[in-house]
1. Just wondering, is there one or more residues in region 237-257 that are in a helix (DSSP H, G or I) and open to solvent by less than 30 Å² (accessible area, probe 1.4 Å)?
2. With the checklist (1) under 15 Å from C313 (Cα atoms); (2) open to solvent by 10 Å² or more (accessible area, probe 1.4 Å) in hand, flag the one item L381 doesn't pass.
3. Filter region 288-334 down to the residues that are within 24 Å of the chain's Cα centre (by Cα), among the polar types (S, T, N, Q) and in a strand (DSSP E or B) and list them by number.
4. Among (1) open to solvent by less than 50 Å² (accessible area, probe 1.4 Å); (2) part of a helix (DSSP H, G or I), there is one condition I281 misses while meeting the rest; what is its number?
5. Within the group L337, L391, which residue is aliphatic (A, V, I, L, M), under 16 Å from the mean Cα position of the chain (by Cα) and surrounded by fewer than 24 Cβ atoms within 10 Å (Cβ to Cβ)?
6. Under 7 Å by Cβ, and 6 or more places apart or on different chains, what pairs join a residue from region 231-246 that is more than 12 Å from M385 (Cα to Cα) with one that is open to solvent by less than 50 Å² (accessible area, probe 1.4 Å) and of a type in the set (F, W, Y)?
7. State which residue pairs qualify: first residue within 13 Å of E383 (Cα to Cα) and inside region 286-303, second residue assigned to a loop (DSSP other than H, G, I, E, B) and modelled with pLDDT under 95 in any location, beta carbons under 8 Å apart, and separation of 6 or more residues or different chains.
8. When you go through (1) touching a residue at least 60 places away in the same chain (Cβ under 8 Å); (2) surrounded by fewer than 18 Cβ atoms within 10 Å (Cβ to Cβ); (3) not small (G, A, S) one by one for P327, which number turns out not to apply?
Amino acid sequence: MIRRLISLFMACIMSFFLPQISTNGAHGVSFLSKELVTSVAPVLSYNEETIAKKEQLAAGAEYENQRALGLSRSGGEQEQAGQADSRNATEQPENTKADSFGLDDPKESPSQEADSQSQDEEKSTQTFQILWPDDTTVEEQVHNDTAVTDAKLLEKLNDFDYLIQNYYIVDSSTTIRSSDISAAELLAKNLTVQRDADGPQILIYHTHSQETYGGAPEGDDENSVVAVGEFLAKLLTEKYGFSVLHHTGEYDVNDRDHAYSNAAPSLKKLLEENPTIEVVIDLHRDSVPDESHLVTTIDGKKCAKIMFFNGLCRTTARGELTKMQNPYLQDNLAFSLQMQLAAAERYPDFTRKIYLKGYRYNMHMCPKSLLVEVGAQNNSLEEAMNAMEPLADLLADVLQN
């Protein structure tokens, strides 16, 4: 009753002052209106209160829908999933990458995901400050709705078939079982790095340093993936405060087939000499058919799309690779999945699906190892460089928890 009386009183005041406010000009109306909306919103009349609440619920629902779209990256309705406990991809895109994986993978090269996903809607970034009648801000209500949405998403991610169909490409040379991957366990892993370490925290290197962009010849340093790695190191250091070691050793010159085995001793030595390193990033450039262009637009800039890559230490031909195991496989998978989900939320359409293949690609040397394919041969150097800004932002987000 008291609240109703206050509402009636404020309505009378408003009816008296609003005609005067309207004569103050556009600037005056805008300034005073903002103050009045903020102060009067909690005591709207019953009908106005009901309408306002419905409008804000609709806004919260729209936010939830857009966030869900951004996180799912499904590009459409989920296909009916089988109940088999083991999966391998029966329909794979054409193998296009002229790539060999040394000791780990002497003959096979990763197939490429067809780049056919439509761009997801970006979530709303507007912050509402109008108050609910119970003094709960819409911002808080949206936060509550988001928690519900995240819970629903986690429930979906814990469905093995949903997880694989929406977030991974499984190469036909390997298989993955439901016992191999648990979204709940991967997302529960804390990937935070120690910020006060007395030495580098992140190592960036390139197994295939000769990969270039924009049609430049192999080994052209100014247009290579090494130049892109240098820019990523600069962003992580200057903008986000990490200590980064960028290793520019060459391991694929005239011997691409053994690049991984060539790089392994140097990588091991670098980690022994720099025990503070917690994160290892192997930065690559992919190869795709010429008619495919892996590009998206972020903050008005054309950016090369990126793809995270994991090895499962298992092939369809040989089964478990007992002499080539990775004790950090679950940590590697956690790193790529957390990066993938962060990207889906903040930069929709930036990442392709995570690619799973059979071997280990030197990712067994460090728990937080990340193999990243940045664009392809027909991306420009500028597009690859632009992609480092959102990638650095995502790394900072995940590594700072």
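1. For region 237-257, residues in a helix (DSSP H, G or I) and open to solvent by less than 30 Å² (accessible area, probe 1.4 Å): absent.
2. L381 satisfies all of (1) under 15 Å from C313 (Cα atoms); (2) open to solvent by 10 Å² or more (accessible area, probe 1.4 Å) except (1).
3. T296, T297, N310, listed by residue number.
4. For I281, the failing item is (2).
5. None of the other options fit; the residue is L337.
6. Within 7 Å, the pairs are L236/F242.
7. Once the first residue is within 13 Å of E383 (Cα to Cα) and sits in region 286-303, its partners that are assigned to a loop (DSSP other than H, G, I, E, B) and modelled with pLDDT under 95 give H293/D115; L294/D115; T296/Q119.
8. The number of the failed condition is (1).
The values are calculated or read from the model by the stated rules, or taken from the named source; none is laboratory data. From a predicted model like this one, the values you see are computed outputs, not experimental measurements. Quick reminder, even Gly has a Cβ in these numbers, built from the backbone with ideal geometry, and neighbours come from all protein chains shown. The area values use the complete protein model at the heavy-atom level, side chains included, leaving out ligands, DNA and RNA. Shrake-Rupley method; radii C 1.70, N 1.55, O 1.52, S 1.80 Å.
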